[in-house]
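Take a look at the structure set out below.
The values are calculated or read from the model by the stated rules, or taken from the named source; none is laboratory data. In this text, all values refer to a predicted model and were calculated from it rather than measured experimentally. Cβ atoms come from the backbone with ideal geometry, glycine included; neighbour counts cover every protein chain shown. The protein model used for the area step is the full one, side chains on, heavy atoms only, and it has no ligands, DNA or RNA in it. Shrake-Rupley method; radii C 1.70, N 1.55, O 1.52, S 1.80 Å.
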Amino acid sequence: MKSTALLFAGAVWLLPAVALAHPHIFAEARLEVVAGDDGTIAELRNVWRFDEMFSSSVVLEFDKNSNLKLDADELAEVGQTVLESLEEFSYYTSITEDGRTIKVAKPEAINVDFQDGQLLMFFKVSPGEALALKGKLTFGVYDPTMYAAMDFATDGDLVVVGEKFAACKHEVVRPDPDEVLAQNQGTLTDAFWNDPAGTDMTKLFATRLEVTC
């Protein structure tokens, strides 16, 4: 398996546990949560733009013909690699319903482009089960291993789409790290020793879109 696939899969067990607290990949994200006419969540549209250093490493990894760029077939290979690698991590896409985690279905494809020295990915996922617009729903994008930092530059990068959302309230929540630590100190200590990869505790710090219907 290519090293890039390992990065996307969060396979950083070769590194000391302390390194897990520091991201090595940085990306700006956009998430559009789309409601269907039937009052359920139809799909979540993701756009990720990666930092130039990581983008350059992907070029070196997948540039088979050594022309210093990613051709169409090479971009497709990147997309397929990520499609397979991130399945167990729900494609970094987080959904909860009244606190219950909702897994996402595997997308049909991850589309990849390379613009201005940066790697871009576009793809859609849908909830793995019917998800009605009721109660409290949350949506977000984060890497549970903390190896990749997925950042929403503005609140406008987390949006709802669809008339059915008119009956709901929604807001972007950006947790304060100090408050999270203060409120969950004991829990976070236990979580670290039980799960040093961070898959349980990272979500407490992640930016999210909260929808209440």
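Listed by first and then second residue, the pairs with beta-carbon distance under 6 Å, at least 6 apart or on different chains, first residue in region 106-126 and under 21 Å from Asp51 (Cα atoms), second among the hydroxyl-bearing types (Ser, Thr, Tyr), are Gln118/Ser55; Leu119/Ser55.
Got a sec? Which strands (runs of 3 or more DSSP E) wholly within region 82-136 have at least 3 residues that are surrounded by 15 or more Cβ atoms within 10 Å (Cβ to Cβ) and under 15 Å from the mean Cα position of the chain (by Cα)?
In region 82-136, the matching strands (runs of 3 or more DSSP E) lie at 93-97, 118-125.
Take Val125 and tell me if it is more than 25 Å from Leu68 (Cα to Cα) and in contact with a Phe, Trp or Tyr (Cβ under 6 Å, 6 or more places away or on another chain). Steps first, please.
Working: more than 25 Å from Leu68 (Cα to Cα): yes; in contact with a Phe, Trp or Tyr (Cβ under 6 Å, 6 or more places away or on another chain): yes.
Criteria met by Val125.
Please go through region 159-174 and give me each residue that is in a helix (DSSP H, G or I), touching a residue at least 40 places away in the same chain (Cβ under 8 Å) and open to solvent by 50 Å² or more (accessible area, probe 1.4 Å), ordered by number.
Residues of region 159-174 that are in a helix (DSSP H, G or I), as a first pass: 163-167.
Within this subset, residues satisfying the condition of being touching a residue at least 40 places away in the same chain (Cβ under 8 Å) are 163-165, 167.
Residues satisfying the conditions are Glu163, Lys164, Ala167.
If you filter region 137-158 down to residues that are among the aliphatic types (A, V, I, L, M) and outside any strand (DSSP E or B), you find that the one that is modelled with the highest pLDDT is Ala153.
How many of the residues making up region 40-69 are without any contact (Cβ under 8 Å) to a residue 24 or more places away in the chain and either within 28 Å of Asp157 (Cβ to Cβ) or open to solvent by less than 60 Å² (accessible area, probe 1.4 Å) (or both)? Don't jump to the end; show me each part of the working.
At the first step, the residues of region 40-69 found to be without any contact (Cβ under 8 Å) to a residue 24 or more places away in the chain are 53, 60, 63-68.
Still in the list and also either within 28 Å of Asp157 (Cβ to Cβ) or open to solvent by less than 60 Å² (accessible area, probe 1.4 Å) (or both): 53, 63, 67.
Adding up the residues that qualify gives 3.
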